[in-house]
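Derivation of every value follows stated rules applied to the coordinates shown; laboratory data play no part. Just so it is clear, the structure is predicted and the values come from calculations on it, not from any experiment. Methodologically, a virtual Cβ is constructed for each residue, glycine included, from the backbone with ideal geometry; neighbour enumeration extends over all protein chains shown.
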Amino acid sequence: MMLPRLQLLRELLSEDGSIWVTIDDNEGHYLKVLMDEVFGRGNFVSTIIWGNFYGRSGTAAISPAHNYIHCYSPSGDRWKHVRGLLPRSEESASKYKNPDNNPRGFWRLGPIFAAEERHEGLMYTITTPSGRKVAPPKGSHWRMLEADFWKMYADDRISFGASGDNIPAVKLFLNEVQAGVVPRSIWSHGEAGHTQDAKREVMALFPGDTPFGTPKPEKLIAQIVQIATNPNDLVLDSFLGSGTTAAVAHKMGRRWIGIEMGEHAATHCLPRLQKVIDGEQGGISKPVNWQGGGSFRFMALGAPIFDEYGRIHPDVRFATLAAFIWQQETGAAWNASAVQPGTPYLGTHYQLDSYLRSPDMRESPISFTKKPLFACYLLFNGILGDKRPASGNVLTREVLDALLALHAQTPEPAAPLLVFGEACRLGPARLEQAKVTFRHIPYDVKAR
Ligand SMILES: C[S@@+](CC[C@H](N)C(=O)[O-])C[C@H]1O[C@@H](n2cnc3c(N)ncnc32)[C@H](O)[C@@H]1O
């Protein structure tokens, strides 16, 4: 179920974007391996442990208390340069004070020595303003050379305490440390909310309703949105459930797309997001000062590819079937704008060889060799101009001649042809001679 969806999501992900998947202990490790395969091990960022359940199950051998959140980015290790920081907690900010009315603002003290004795240049003695001589504490060294220490002292970045007799310490100014804190891989329910929070949020929106088994609290999604995106970025949740991702993205000023196949798309997601627009005050509304506003569109999918008898649905147009077949054959999204419209040629598919990866596979591929595997053609809806049933969509001698003429104009005229049509009037020898593999519509079009 997940493989084709992950492959599609990979196509939709931007270069500096990231994908986050929440999963429990039953499937978490299988999904990790699957995601390694789809996104590449070198693009693995972290598996976060989210403490989603604070109670204890009396019937469990070991009571489950966490979910996993797998995170990957196509930019691999470079993603750390674009990801966002988390807000510094009030507790950590409250450690900064300004007792000397310092023009640089709030500061706290940090040690100027570190473990291990080092070379002489870092083992000097310092004379305090009170006249006492201090060396680095036993088994440690000063973090800077002596000249740098006195430069920092002259710049009011060193404190010997009010008495002038303390071992020196460095002043760390709040406005000079990073604007936020680097996210860590364990998220407590205090930090990111828990399943009960999420159920309460849904019940507040829909009184008397029974919430889904696994809704996500707004705080959890807000933490991910904060790390993964900037205002106005695009957030996609292709399994929207109760609509939390869309609600949070909206309140945080991101653009969003939610996909949900269940009835609750209309019964829950739609009214929930209308309430958000109206200024609903649950979840993260207060911390982000949400006042309402904005808009969205609610859309239903068009006709499915197959009708109830397994035939191609009469409402399906050429481009829809083309995108479906290209995805089926290549695992990638069809780029309609890369080929000339109105012809059966869908594109040439290449095998990308990534042998030039670094040996430990942690780097992105250094270069690709491109080998054409096949060019794909679709005979459907009389694309060659002959609308009679059993003619335009059938691979006859004339149609093959037309395809071969078209093929000669493509970037890889020597590549074999993969032709989809409703019937084939040619024998195996002719097909082999023309390097054609024929696939039958609808039987060779696979529903997933
Ligand atoms: C675990 S819930 C998602 C929870 C959700 N992200 C939240 O915060 O509440 C999974 C949802 O995905 C939907 N779903 C499953 N397969 C789908 C598909 N192929 N396309 C769209 N939605 C799908 C299910 O109907 C279900 O509502």
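Relative to the 2.2 N^0.38 Å rule of thumb, the chain has a C-alpha radius of gyration ratio of 1.37.
For the stretch 90-176, divide the Cα radius of gyration by the Kirkwood radius and give the resulting Rg/Rh value with two decimals.
With Rg and the Kirkwood Rh in hand, the quotient comes to 0.99.
Which part of the stretch 141-166 falls in the paramagnetic zone of R104, meaning amide N under 18 Å from the point 7 Å along Cα-to-beta-carbon? Within reach of a label on R104, which here means backbone N under 18 Å from a point 7 Å along Cα→Cβ, the stretch 141-166 contributes 143-162.
Calculated [222 nm] ellipticity per residue, helices only, for the chain: -7000 deg cm²/dmol; basis is -39500 (n - 2.57) per DSSP H run with n ≥ 4, divided by all residues, nearest 500. Counting only aspartates and glutamates at least 8 places from K275 when in the same chain, those with an alpha carbon closer than 20 Å to its own are D197, E201, D209, E218, D237, E260, E263.
Relative to the 2.2 N^0.38 Å rule of thumb, the stretch 190-262 has a C-alpha radius of gyration ratio of 1.08. Averaging the Cα positions of each part gives two centres, and for the stretch 404-447 and the stretch 240-304 these lie 45 Å apart.
Please report the orientation-averaged projected area of the stretch 214-334, defined via the convex hull of its C-alpha atoms, in nm². Projected over every direction and averaged, the Cα hull of the stretch 214-334 covers 9.4 nm². Counted over the chain, the DSSP beta bridges are approximately 65% antiparallel.
Charged side chains reduced to their Cβ positions (Lys and Arg at +1, Asp and Glu at -1) give the stretch 198-301 a dipole of some 240 debye around its Cα centre.
The lysines whose alpha-carbon is closer than 25 Å to the alpha-carbon of K32, local same-chain residues fewer than 8 away aside, are K80, K216, K219. 3J(HN,Hα) couplings calculated from phi for the stretch 176-188 with the Karplus curve 6.51 cos²θ - 1.76 cosθ + 1.60 (θ = phi - 60°) are, in sequence order, 10, 7, 3, 4, x, 10, 5, x, 10, 8, 10, 10, 6 Hz; Gly and Pro show x. For the stretch 137-144, 3J(HN,Hα) computed residue by residue from phi via the Karplus equation (6.51, -1.76, 1.60; θ = phi - 60°) reads x, 3, x, 9, 9, 6, 7, 9 Hz, glycine and proline entered as x.
Spin-label pair Y96-Y153: with each label point 7 Å from Cα along the Cα-Cβ axis, the two points sit 2.6 nm from one another.
Distance from the alpha carbon centroid of the stretch 157-180 to that of the stretch 40-91 works out to 34 angstrom.
Summarising the amide proton neighbourhood of L373: residues at separation of 5 or more, or on other chains, whose placed amide H is nearer than 5 Å comprise H349, Y350, Q351.
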